[in-house]
1. With the chain treated as a Gaussian network of Cα nodes joined by springs under 10 Å, which of Val53, Val62, Val109 yields the largest mean-square fluctuation?
2. Using only Cα atoms, figure out Rg for the chain and give it as a multiple of 2.2 N^0.38 Å.
3. Where is the GNM fluctuation largest for the chain (alpha-carbon springs, 10 angstrom cutoff): Thr79, Thr107, Thr142?
4. Between the helical axis of 56-89 and the dominant principal axis of the chain, each derived from Cα atoms, what acute angle in degrees is found, rounded to the nearest 10?
5. Holding the Cα-Cα limit at 22 Å, pick out from Lys10/Lys240; Lys147/Lys240; Lys170/Lys240; Lys216/Lys240 the pairs that are longer than that.
6. Could you calculate the contour length gain from Thr107 to Val32, that is, 0.36 nm times the residue separation minus the distance between their Cα atoms, to one decimal place in nm?
7. Rounded to the nearest 0.05, what FRET efficiency is calculated for Leu236 and Lys147 with R0 set to 25 Å and r the Cβ-Cβ distance?
8. Measure off 7 Å from each Cα along the Cα-to-Cβ vector at Ile118 and Leu24, then give the distance between these two points in nanometres to one decimal.
Amino acid sequence: MKIFIMTKSKAFLKNLAVLLFYLLVWQLAYLVIQREVYLPSPWQVLNRLSQLVQEASFWQAVAFSMYRVGWGILLSVLTGVIFGVIACWNRLCYELLQPLIIAIKSTPVISFIIIALIWFSSSVAPVFICLLMCFPIIWTNTVAGIKSVDQKLLEMAHVYRVSKLAIWHKIYLPAILPYFTAGLITALGLGWKVSVAAEVLSHPKSAIGSQLYSAKIYLDSGGLFAWTLVVIILSLNLEKLFAYCLNRLNKRGFGHGKYSN
């Protein structure tokens, strides 16, 4: 227990030292530039953030943005897993989806955002963009996880007439879970970025992206950096929460390994 506490303390001090280093670099850059419009100081950004959190519009923007990202991630997981499983069972489905996945990965996000603004309303466009950008990650990792299954184990299971449900639970699930987890953590980070980018252009009523755009219009650099900091904090904490939930599941006997972020 004592060793564990010491290890945690060292990790905390190390992270704190890294944070202080970059804050110092930020402060030095501010002193060199001395133009708040281009680069506000860390204190100015924190002060602006403290003002924002006291406003009801701040929490509304955060709530609605999280709602859109949540729906986008959820839909990408559902479609990615379903089509990933189908693609592994059906070669034609795989050959049809593979070029689409490559096209989505190769196309600039801004192109899809502009198209989404033509097709959907300002509040739905960020959800669609999040779904579209995260779908290839979930699909690819699901397919890779299924293909990594040991064929000898499957042959043995068929020889001993193991039920299909047991095969999925004991063979497929442990093989897929590490790939799926890695893909989902990546999708969480990417989902935030593309959703906020879509909000900046679509400008829905309550959204972090809309607040970023307004800060840019009014040359509120402190607000622009503060909202950017909010996006970073939310993204990191959601990833950590997901990793924590996975570790809790592992302790109860689901999956394998420990996940950290």
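Here, each number is a calculation from the coordinates, and none is a lab measurement. Owing to the predicted nature of the structure, the values given are computational and were not obtained by experimental measurement. Because the Cβ atoms are built from the backbone with ideal geometry, glycine has one as well, and the counts that use them run over all protein chains shown.
1. Ranking Val53, Val62, Val109 by mean-square fluctuation puts Val53 first.
2. Ratio of Cα Rg to 2.2 N^0.38 Å: 1.22.
3. Highest fluctuation among the options: Thr107.
4. Around 20 degrees separate the two axes.
5. The pairs that break the limit, which is 22 Å between Cα atoms, are Lys147/Lys240; Lys170/Lys240; Lys216/Lys240.
6. Contour length minus the Cα-Cα distance gives 23.2 nm.
7. So, using R0 = 25 Å, E works out to roughly 0.20.
8. Taking the two extended label points, one gets 5.3 nm.
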